[in-house]
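Each value in this text was obtained by applying a stated rule to the coordinates, not by laboratory testing. If you're wondering where the values come from, they're calculated on a predicted model, not measured in any experiment. When we count neighbours, we look across all protein chains shown, and the Cβ atoms used for this are built from the backbone with ideal geometry, even at glycine.
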Amino acid sequence: MFKIIEKSKIAESTFLMKIEAPKIASKRKPGQFVMLRVDEPGERIPLTIAGSDTKNGTITIIFQVVGDTTRQLSGLNVGDYILDVVGPLGHPTHIENYGTAVCIGGGLGIALVMPIAQALYAAGNHVISVISARNKDLLICEKEMLTCSNEFMIATDDGSKGTKGFPTQILQDLINKGKKIDIVFAVGPVPLMAAVSRLTKPYNLKTIVSLNPIMVDGTGMCGGCRVSIDNKPKFVCVDGPEFDGHLVDYDNLVQRLKTYASNGKDPSLQSVGKDSVCWKPPEDRAGMVHKPAVSMHAAEGHAVIDQLAEGLSSATTGTEKAGAKKMGAIPRQKMPEQEPANRIRNFEEVPCGYTPEMARQEALRCLQCKKPLCCEGCPVSIDIPGFIKLIAEGDFLAAARKIKEKNALPAVCGRVCPQEDQCEKVCIVGKKFKPVAIGNLERFVADYERTHNAVTVPKLPKKTGYRVAIVGGGPAGLACAGELIKMGHDVTIFEALHKAGGVLVYGIPEFRLPKAIVESEVEYLRKLGVKIEVNAVVGKSQTVDELLQNGFDAVFVGTGAGLPMFMAIPGENLNGVYSANEYLTRVNLMKAYNTKYSTPIAMRKNVAVIGAGNVAMDSARTALRLGAENVYVVYRRSRDEMPARVDEIHHGEEEGLQFKFLTNPIKILGDEKGWVSGLECVKMELGEPDESGRRRPIPVKNSEFVLNVECIIMSIGNGPNPLIPSTTPDLQVNKWGNIVADLETCKTNKEGVFAGGDIVTGAATVILAMGAGKKAAKSIDDYVKSKKTSATMSCCK
Ligand SMILES: Cc1cc2nc3c(=O)[nH]c(=O)nc-3n(C[C@H](O)[C@H](O)[C@H](O)COP(=O)(O)OP(=O)(O)OC[C@H]3O[C@@H](n4cnc5c(N)ncnc54)[C@H](O)[C@@H]3O)c2cc1C
Ligand code: SF4
Ligand code: FES
């Protein structure tokens with residue numbers, strides 16, 4: 001929480017606030033910004049830092065009331081708190097002694113150009129400041145700008161102060177008079193920055209502008225802030241916010257800024273926002289039936305099961321072959337689910353979980369193999385027959401604890417792990433019958449333990465005194481933290497977003513993984529003593545080197561693969577084109593589907609999702625739940641090559657997703673207002689296998705057609721976020737930008753730095769990321785202890 005220390009109204013609808021944020025204040029440089037969220041249902045918005053006071057630990061923001069969030073912010077007073085302030089973000093302004101620098105600020109932009117002018121002045125530049133507003137009452141920061149300027153000019157539209165007209169006229173006059181100008185900085189409304197850039201271009205006069213587009217995370221994870229610079233997509237939050245003004249596509253920027261401008265009030269954009277035609281809160285939709293309640297009382301129905309359980313002892317004592325015959329008689333227990341027609345009207349979880357009777361019955365199908373292949377198929381080596389036996393015996397809590405010996409997040413893994421490709425794929429029962437439902441059983445006991453408030457905190461060893469920093473609070477970081485704390489180390493997780501959990505909170509939807517479950521797993525780590533600092537973007541708030549210098553003995557980097565990819569086809573910057581990361585983050589982390597939350601999202605009737613992995617299926621099923629009537633999954637290969645989990649494909653089919661296999665998008669079409677109006681595609685056929693072993697898709701001549709959609713979600717994969725490598729220059733990365741680390745020890749080339757999960761392997765799975773986190777914990781333990789040994793040996797010499 002961040003306390004407001006000072007607040008004043010400095011012009012009509014314009015406020016200055018000083019906020020207590022010592023860490024940001026100590027790091028902030030001119031040109032940087034913060035992401036701010038006022039309260040839990042609030043939207044995340046970017047605001048430039050207008051100043052900072054390191055002595056008092058405050059930052060200054062100046063903002064104009066333009067929407068709901070800034071209105072809410074303006075209603076706060078001294079002594080009130082803001083929930084989240086993240087930063088400093090973005091590249092700082094490059095300051096040097098250029099010679100003569102012109103600083104132009106328009107409207108609120110005066111406050112934003114002010115720190116730049118101050119830094120340029122301090123660096124010895126001859127600063128010419130031109131500030132402008134519609135009238136004299138809207139002029140801000142006059143005194144401050146005057147004190148950091150060698151020449152100071154004012155322009156007002158109505159002539160109420162200074163020159164009547166636009167600041168561009170003053171700049172033109174300076175150029176006409178032959179004034180030697182080395183650089184121009186322009187900050188303000190887009191038309192002002194565009195006009196300044198147009199004016200200076202023929203003179204080849206270097207012009208820097210600061211862009212402030214729509215943002216969600218501010219860390220490069222969503223791609224919502226993308227702009228077109230020199231015809232190439234750039235993310236303002238990580239590549240900017242400052243750019244060469246001559247290369248910016250201002251028309252596109254203006255159009256993208258209008259995405260949520262109407263929020264449902266403009267009939268031409270009526271399907272944007274929660275008051276749109278196709279959106280109704282789940283409870284208001286016709287035909288809504290709540291999912292069946294599932295009993296979690298172990299005592300029910302035990303008599304029948306106890307009879308069945310007798311079979312277990314005979315199976316375990318007899319040969320596996322004989323047991324298999326017996327167990328084959330019990331069918332695999334199907335988990336109850338919400339009916340498709342109901343579930344596409346809500347965000348509640350689709351499968352409802354086993355009852356205790358079902359769990360015991362399923363457990364009885366396990367042969368208790370002497371050489372359990374399932375364990376070999378499990379990336380974290382859970383004692384699978386061991387926990388299943390305990391379920392069959394009815395000791396669900398003991399079963400949960402057995403799993404937790406190896407896996408700290410069983411409720412998560414039981415829901416999202418691809419068991420069909422891991423433990424269940426090699427289960428012996430599966431050779432003749434359907435394999436034992438290991439994942440469903442894992443989920444059952446984890447839920448049982450949690451819903452019975454039976455989660456216990458194990459006794460921890462004596463503290464070792466070693467401190468380990470974990471960068472990233474996704475499955476890799478959480479697993480690593482869980483292991484290290486149990487080894488007696490002091491552990492702090494630094495997480496860039498306002499919630500820990502990584503993809504589990506921002507990516508995987510509520511209907512597949514309820515966020516309360518992730519929260520309770522994170523809470524468990526807190527109970528164990530793990531410290532979790534949210535809103536901490538390592539590389540910005542502090543670097544990996546600074547963590548090591550500031551008392552951490554080792555650092556684990558588990559920052560994931562969060563950089564969204566686009567297809568580089570025409571039309572990707574149209575409104576209504578989302579990366580899956582942005583779409584899912586708005587819905588999952590920022591709860592855009594919930595009417596109590598302010599985060600907007602485009603809710604359209606016809607949606608195309610491009611890709612066919614889990615991310616694509618999550619996006620497509622989310623679009624259905626947001627009210628879309630037609631959701632197309634567009635994939636250039638065939639169903640057989642779909643990388644998504646079988647369960648997810650099956651659920652998507654049941655819910656009415658329309659699959660367009662062997663289809664490749666080639667162009668996104670837009671209407672006159674810059675919104676998506678269609679997706680041009682070409683049919684594909686499969687040729688010879690490519691280097692991945694899959695048959696290469698080849699376009700079919702003259703097969704182009706247009707899919708009528710108004711929203712497109714790109715789910716074609718994610719790359720590694722470059723922030724940590726770019727701020728840790730001696731950390732080795734491969735040609736794709738993944739950190740190079742030993743897959744067994746998670747050691748990087750940098751002393752004391754370990755890495756694992758998606759940032760090393762590329763986008764993979766939850767359980768593989770957790771496995772890496774566990775391996776890293778073991779190596780870190782060895783490493784910090786060896787440091788102690790070598791220190792002791794050197795002092796004995
Ligand atoms: C929509 C979606 C659905 C998926 N479905 C499945 C599934 O069903 N089954 C499955 O097994 N896998 C699934 N996956 C893949 C799986 O979620 C990932 O492989 C896994 O989460 C990787 O874990 P991680 O800890 O390496 O990274 P992440 O989960 O990405 O976590 C990384 C964390 O680091 C934080 N971070 C990044 N940079 C910084 C920084 N500089 N400072 C501080 N913090 C930082 C991020 O904010 C994030 O919280 C899915 C992925 C997505 C996107
Ligand atoms: S789950 Fe399958 S492979 Fe594992 S012990 Fe049971 S029957 Fe054997
Ligand atoms: S706000 Fe820039 S990528 Fe998300």
Self-check item: Cβ-based net charge around residue 503, under 11 Å, with every Lys or Arg adding one and every Asp or Glu removing one
Solution: -2
Quiz prompt | Ranking of 330, 382 by count of other Cβ atoms within 10 Å, fewest first | solution = 330, 382
Practice problem: Quick one: plug the Kirkwood hydrodynamic radius of segment 432-571 (C-alpha pairs) into Stokes-Einstein at 20 °C, 1.002 mPa s, and report D in µm²/s. | Solution: 127
Practice problem: First obtain the Kirkwood hydrodynamic radius of the chain from its Cα pairs, then insert it into the Stokes-Einstein equation at 20 °C and 1.002 mPa s, and state the resulting D in µm² per second as a whole number. | Solution: 75
Practice problem: Please tell me the relative contact order of segment 1-141 in percent, rounded to the nearest whole number, where contacts are Cα pairs under 8 Å and at least six residues apart. | Solution: 27
Exercise. Please arrange 371, 432 by counting, for each residue, the other beta carbons lying within 10 Å of its beta carbon, fewest first.
Key: 371, 432
Exercise. Can you tell me the 0 to 90 degree angle between the C-alpha axis of helix 302-317 and the longest principal axis of the chain, rounded to 10?
Key: 80
Quiz prompt | Extent along principal axes [Cα atoms of segment 592-734; Å; largest to smallest] | solution = 49, 47, 38
Quiz item: What is the log10 of I(q)/I(0) for segment 450-489, computed with the Debye formula using one identical point scatterer on each Cα and no solvent, at q = 0.18, 0.28 Å⁻¹?
Solution: -0.62, -0.94
Quiz item: What fraction of the DSSP beta bridges in the chain is antiparallel, stated in percent and rounded to the nearest 5?
Solution: 50
Quiz item: Taking the Cα atoms only, what angle lies between the long axis of helix 515-528 and the longest principal axis of the chain, rounded to 10 degrees?
Solution: 90
Quiz item: Mind listing the Cα extents of segment 102-238 along all three principal axes, in Å, largest one first?
Solution: 43, 33, 31
Self-check item: segment 154-260: relative contact order in percent, alpha carbon pairs under 8 Å with at least 6 residues between
Solution: 20
Practice problem: Any lysines with Cα under 17 Å of the residue 201 Cα? List them, leaving off those in the same chain fewer than 8 positions away. | Solution: 179, 180
Practice problem: Find how much the distance from residue 730 to residue 398 grows on full extension, using 0.36 nm per residue of separation minus their present alpha carbon separation; answer in nm with one decimal. | Solution: 114.9 nm
Quiz item: Relative contact order of the chain: what whole-number percent is it, with Cα pairs under 8 angstrom and at least 6 residues apart?
Solution: 10
Practice problem: On a 0 to 90° scale, report how tilted helix 438-451 is relative to the longest principal axis of the chain, with both axes built from alpha carbons and the result rounded to the nearest 10. | Solution: 70
Quiz item: So what are the three principal axis dimensions of segment 96-165 from its Cα atoms, in whole Å, longest to shortest?
Solution: 35, 17, 15
Quiz item: Which value in deg cm²/dmol, rounded to the nearest 500, describes the helix-derived mean residue ellipticity at 222 nm for the chain, given -39,500 (n - 2.57) per DSSP H run of n ≥ 4 and division by the residue count?
Solution: -9000 deg cm²/dmol
Quiz item: Ranked by Cβ crowding within 10 angstrom, fewest neighbours first, how are 498, 91 ordered?
Solution: 91, 498
